[in-house]
1. Touching a helix residue (DSSP H, G or I) at 6+ places or on another chain (Cβ under 8 Å) and closer than 30 Å to residue B:214 by Cβ: is that true of residue B:88 in this structure?
2. Which residues, counting only those in segment B:31-61, are assigned to a helix (DSSP H, G or I) and free of Cβ contacts under 8 Å to residues at least 40 places away in the same chain?
3. Is it true that some residue in segment A:85-104 is within 14 Å of chain B (Cβ to nearest Cβ), in a helix (DSSP H, G or I) and surrounded by fewer than 21 Cβ atoms within 10 Å (Cβ to Cβ)?
4. Within the group A:41, A:34, which residue is over 20 Å from the mean Cα position of the chain (by Cα), free of Cβ contacts under 8 Å to residues at least 60 places away in the same chain, surrounded by fewer than 17 Cβ atoms within 10 Å (Cβ to Cβ) and under 26 Å from residue A:136 (Cβ atoms)?
5. Please find, within segment B:126-146, the residue that is modelled with the highest pLDDT out of those that are within 14 Å of residue A:220 (Cα to Cα), at the interface with chain A (Cβ under 7 Å from one of its Cβ atoms) and in a helix (DSSP H, G or I).
6. Filtering segment A:140-176 down to residues that are away from chain B (no Cβ under 12 Å) and surrounded by 23 or more Cβ atoms within 10 Å (Cβ to Cβ), which residue is farthest from residue A:219 (Cα to Cα)?
7. Would you check if there is a residue in segment B:101-123 being within 11 Å of another protein chain (Cβ to nearest Cβ) and either under 17 Å from the mean Cα position of the chain (by Cα) or buried (at least 17 other Cβ atoms within 10 Å of the Cβ) (or both)?
């Protein structure tokens, strides 16, 4: 079995587990929905409709959700020591990172779509460039997942894991968050060039961190 | 297999001398910065903060680059010496990054009118500071030596990706921050010769202080490793 096949197998296993017990997805959807509502209320109806504010509220919600989903995913692995079985398999270490990233991207795509629609609905957002907004959202999710899985793996079996994952992830995610927020705001406001520029930057971040993760994480397990 | 013999690092023999030389050079640099260097025609005496700010910035970059090299060394060889170097350099690097940010803020208030602004370089430097605080926190929360060293080494390699972003952010984005004054592409230093010499001496003095602190901290870490690994 090739490395991509092993990664897809891990991703499928992860998604089947999530479908059987969708506690990570349910928690993330509930959390992001509540966060968007709270942020909209806190900013007030007028400000929450501004492209910059709506984009920032959306991406902060999605980032927190990504950490929730990833944490739940690794909790599941640790509950029955399933991760030891995966790591013991030939090529398991290499596949674990990529598989987890693929699964997180799929779950985050659902979360981002639902949260985005909720955000547009409750704030009556005017979307000037729908296709560009979808593009920014897709590449934004692609840029978030590699970092969050990487950090979750580094914090595996470490004390206070729930606290250390966001502490490590947020500083690394600052450039991605700025790019995703700016790109989404540009798409909402009708600036196609800026939306495409920020999307390209997000693709670069996604590639860099995915490459680092694939290269380094197998060595992180003794 | 972990090498458990805490063989002394050759540089440790220089320890007493390095501390004395570092203290003497720091005293000379302080005198030059406060007395010998002329007052700036535009900024007045407040510009003297650069004699702390710039060397601290250089050492923040150097310290984290050494963390990166030591992390690669650990991942490659699994020698505890590299782990001791990484954690020591990270701690000293965090210290100098803190000095770098605080000194910059002290300079910014009279010059820009604010203690803090969302300038890209300030933000990315603070992000770098937060990343290495996270690095130290990750280490402190792991009890198993090998796991701690390996995870920290992976993080030490990843975090270094942030350093070029910090350095180049002032050029990539529209920034309030002053453009490079000494290392300018295609031009000579835009700095008076005596100011440049003072800055050079300050950089050398701070670098010696960094190595003195690094070696002291490494000695502590090697003792801890010896106690832990037997």
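The values are calculated or read from the model by the stated rules, or taken from the named source; none is laboratory data. What you see is a predicted model, and the numbers here were worked out from it, not measured in a lab. Glycine gets a Cβ as well: all are built from the backbone with ideal geometry, and neighbour counts include every protein chain shown.
1. Values: touching a helix residue (DSSP H, G or I) at 6+ places or on another chain (Cβ under 8 Å): yes; closer than 30 Å to residue B:214 by Cβ: yes.
Yes: the conditions hold for residue B:88.
2. B:31, B:34, B:35, B:45, B:48 - these are the residues of segment B:31-61 that are assigned to a helix (DSSP H, G or I) and free of Cβ contacts under 8 Å to residues at least 40 places away in the same chain.
3. Yes: one or more hits.
4. Of the residues listed, the single one that is over 20 Å from the mean Cα position of the chain (by Cα), free of Cβ contacts under 8 Å to residues at least 60 places away in the same chain, surrounded by fewer than 17 Cβ atoms within 10 Å (Cβ to Cβ) and under 26 Å from residue A:136 (Cβ atoms) is A:41.
5. We begin by selecting, within segment B:126-146, every residue within 14 Å of residue A:220 (Cα to Cα); these are B:138-139, B:142, B:144-146.
Narrowing further to those that are at the interface with chain A (Cβ under 7 Å from one of its Cβ atoms): B:138, B:142, B:146.
Of the ones still in play, those that are also in a helix (DSSP H, G or I) are B:138, B:146.
On the way: B:138: 92, B:146: 89.
Once the filter is applied, the top-ranked residue is B:138.
6. Just the residues of segment A:140-176 that are away from chain B (no Cβ under 12 Å), to begin with: A:140-145, A:148-149.
Still in the running and surrounded by 23 or more Cβ atoms within 10 Å (Cβ to Cβ): A:140-141, A:143-145, A:148-149.
Values: A:140: 27, A:141: 26, A:143: 22, A:144: 22, A:145: 20, A:148: 18, A:149: 15 Å.
Among residues in segment A:140-176 that are away from chain B (no Cβ under 12 Å) and surrounded by 23 or more Cβ atoms within 10 Å (Cβ to Cβ), the one farthest from residue A:219 (Cα to Cα) is A:140.
7. Yes, that holds for at least one residue.
Residue-by-condition table, conditions (1) surrounded by fewer than 17 Cβ atoms within 10 Å (Cβ to Cβ); (2) over 30 Å from residue B:155 (Cα atoms):
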site: B:24; (1), (2): yes, yes
site: B:34; (1), (2): yes, yes
site: B:53; (1), (2): no, no
site: B:59; (1), (2): no, no
site: B:65; (1), (2): yes, no
site: B:77; (1), (2): yes, no
site: B:86; (1), (2): no, no
